1. Give the range 57-95 a look and list any residue that's over 19 Å from the mean Cα position of the chain (by Cα) and open to solvent by 90 Å² or more (accessible area, probe 1.4 Å), or say none.
2. Give the residue that is farthest from SER87 (Cα to Cα), with candidates limited to residues of the range 1-38 that are assigned to a loop (DSSP other than H, G, I, E, B) and touching a Pro at 6+ places or on another chain (Cβ under 6 Å).
3. List pairs: first in the range 73-95 and touching a residue at least 60 places away in the same chain (Cβ under 8 Å), second aliphatic (A, V, I, L, M) and assigned to a helix (DSSP H, G or I), Cβ under 7 Å, 6+ apart or cross-chain?
4. Hey, can you tell me all the residues within the range 10-46 that are touching a helix residue (DSSP H, G or I) at 6+ places or on another chain (Cβ under 8 Å) and either loosely packed, with under 11 Cβ neighbours inside 10 Å or of a type in the set (S, T, N, Q) (or both)?
5. Could you tell me whether any residue of the range 43-52 is of a type outside the set (D, E, K, R), without any contact (Cβ under 8 Å) to a residue 24 or more places away in the chain and touching a Phe, Trp or Tyr at 6+ places or on another chain (Cβ under 6 Å)?
6. Among (1) at pLDDT 90 or above; (2) of a type outside the set (Phe, Trp, Tyr); (3) within 21 Å of PRO71 (Cβ to Cβ), which single condition is MET21 missing?
7. Does the range 2-42 hold any residues that are of a type in the set (A, V, I, L, M) and in contact (Cβ under 8 Å) with a residue 24 or more places away in the chain, and which are they?
8. Can you name the helices (runs of 4 or more DSSP H) wholly within the range 39-113 that have at least 1 residues being touching a strand residue (DSSP E or B) at 6+ places or on another chain (Cβ under 8 Å)?
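The values are calculated or read from the model by the stated rules, or taken from the named source; none is laboratory data. The model shown is predicted, which means the values in this text are computed figures rather than measured ones. Please note: Cβ atoms are built from the backbone with ideal geometry, for glycine as well, and neighbour counts cover all protein chains shown. Only protein heavy atoms, including side chains, enter the accessible area calculation; ligands, DNA and RNA are left aside. Shrake-Rupley method; radii C 1.70, N 1.55, O 1.52, S 1.80 Å.
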Amino acid sequence: EMRPFGVRVSIIEPGGFRTAMTNPAPLVTGLRSLWERLPAETRAAYGHRYPERYAQGTVLVHRLSSARLSPVTDAMTHALLSRCPRSRYAPGWDARLVFLPLSYCPAWLSDTI
């Protein structure tokens, strides 16, 4: 939609990287705070073990994430300074192996996966 205005757009879709957004401690604390305020009916719909499963998932994602942010900054630099920037960048092993191929699947299939 930006092409008619002469604007080239590059999409950078990074995988998991260790940043404040993936730090499990504040995520779990925030969920527990929200969980306490939910009606009992809603908590029952999710199941009483949901907060523990969520906490385990966030710890796993954090452990699998890379602490090296240079692939993301390298992609940004290339997109900004290259004569021929790519339309999509997928920094990170998980982005290349999972998210990028998934983005080419039909919506119903990616939603199912």
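1. Result: LEU80, LEU81, ARG83, CYS84, ARG86.
2. PRO14
3. What qualifies is PRO85/ALA79; TYR89/ALA75; TYR89/ALA79; ALA90/LEU100; PRO91/VAL72; PRO91/ALA75.
4. Those that are touching a helix residue (DSSP H, G or I) at 6+ places or on another chain (Cβ under 8 Å) and either loosely packed, with under 11 Cβ neighbours inside 10 Å or of a type in the set (S, T, N, Q) (or both): SER10, ALA20, THR22, ASN23.
5. Looking for residues that are of a type outside the set (D, E, K, R), without any contact (Cβ under 8 Å) to a residue 24 or more places away in the chain and touching a Phe, Trp or Tyr at 6+ places or on another chain (Cβ under 6 Å), one finds at least one in the range 43-52, hence yes.
6. (1)
7. Within the range 2-42, VAL9, ILE11, ILE12, LEU27, VAL28, LEU31 qualify.
8. Counting at least 1 such residues, we get 70-81, 100-103.
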